[in-house]
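Input: a single structure, listed below in structure tokens.
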């Protein structure tokens with residue numbers, strides 16, 4: 001094993017360990033529900049649990065990999081001094097978490113010189129850990145996973161998500177209304193990171209959302225790609241997001257959505 005491969009394996013193992021550590025902490029703290037506040041809107045919640053989980057991850061990185069960059073949802077940031085950057089969503093699906101509803105996860109992506117090379121999404125409620133390393137395939141709890149072979153939009157089950165802001169939700173609702181007659185059904189789980197993993201393991205045939213931040217999708221997108229699917233970015237007027245699906249379905253899905 002060369003030096004890069006050895007370091008990459010160490011990064012993967014550390015990312016899994018930190019995602020599980022943060023997940024255990026979140027499970028233990030769930031009943032407390034302390035420090036709950038809103039951020040960008042009345043439905044965009046953050047809690048002490050989010051912030052503490054991020055701090056757990058960041059503190060360990062500061063100790064073990066001090067030259068790596070960090071981009072965290074709850075404000076942790078510093079530039080990389082060595083080309084490695086950790087993109088962290090310590091609790092994707094906060095509203096689910098606070099209400100005791102399943103469908104939240106810890107998401108960690110690791111970039112090297114701007115390319116995502118490791119993706120970890122840990123779902124403590126379902127006891128599932130999804131992971132991928134660039135060029136090495138995707139796994140769920142250590143077993144290989146692949147996207148569905150669905151190529152027909154009319155038989156596809158598609159996941160989506162919605163903005164925290166009312167005007168964007170109205171726009172998203174109109175786009176969804178145009179798609180709904182064309183597909184078998186729609187799902188809305190509440191965690192983009194997990195929905196992307198469900199595309200990767202074939203539970204969903206596709207997923208799209210157009211109001212996301214990098215920490216929402218970076219890990220899940222790599223897991224989809226390593227599971228045999230495809231992901232295309234959405235860029236528009238102050239919006240960003242992804243469309244992800246099996247290779248057989250992506251073109252038809254993207255066309256139907258107008259992306």
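The values are calculated or read from the model by the stated rules, or taken from the named source; none is laboratory data. Keep in mind the model is a prediction, meaning the values are calculated, not measured. Positions of Cβ are backbone-derived with ideal geometry, glycine not excepted, and every protein chain shown enters the neighbour counts.
Data for the structure
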| read-out | value |
| --- | --- |
| Failed condition for residue 162, given (1) surrounded by fewer than 19 Cβ atoms within 10 Å (Cβ to Cβ); (2) farther than 21 Å from residue 96 by Cα | (2) |
| Subset tally (residues that are in contact with a helix residue (DSSP H, G or I) (Cβ under 8 Å, 6 or more places away or on another chain) and in contact (Cβ under 8 Å) with a residue 60 or more places away in the chain) for region 153-181 | 6 |
| Qualifying residue in region 228-243 (condition: at pLDDT 95 or above, under 19 Å from the mean Cα position of the chain (by Cα), assigned to a helix (DSSP H, G or I) and not assigned by TED's automatic domain parsing to the domain that holds residue 128) | no |
| Residues (in a loop (DSSP other than H, G, I, E, B) and closer than 18 Å to residue 131 by Cβ) located in region 91-112 | 104 |
| Tally, over region 101-121, of residues that are under 19 Å from residue 212 (Cα atoms) and crowded, with 24+ Cβ neighbours inside 10 Å | 10 |
| Any hit, region 173-186, residues being more than 20 Å from residue 255 (Cα to Cα) and surrounded by 14 or more Cβ atoms within 10 Å (Cβ to Cβ) | no |
| Flag for residue 246 being at negative phi, crowded, with 17+ Cβ neighbours inside 10 Å and not assigned by TED's automatic domain parsing to the domain that holds residue 85 | yes |
| Scope region 122-134; condition exposed (fewer than 15 other Cβ atoms within 10 Å of the Cβ) and either in contact with a helix residue (DSSP H, G or I) (Cβ under 7 Å, 6 or more places away or on another chain) or free of Cβ contacts under 8 Å to residues at least 24 places away in the same chain (or both); matching residues | 127 |
| Residue satisfying condition, being surrounded by fewer than 19 Cβ atoms within 10 Å (Cβ to Cβ), more than 26 Å from residue 113 (Cα to Cα) and modelled with pLDDT of 95 or more, within set 63, 33, 21 | 21 |
| Which numbered condition residue 16 fails, given (1) modelled with pLDDT of 95 or more; (2) surrounded by fewer than 15 Cβ atoms within 10 Å (Cβ to Cβ); (3) within 14 Å of residue 122 (Cβ to Cβ) | (2) |
| Residue 74 being assigned to a loop (DSSP other than H, G, I, E, B) and under 18 Å from residue 217 (Cα atoms) | yes |
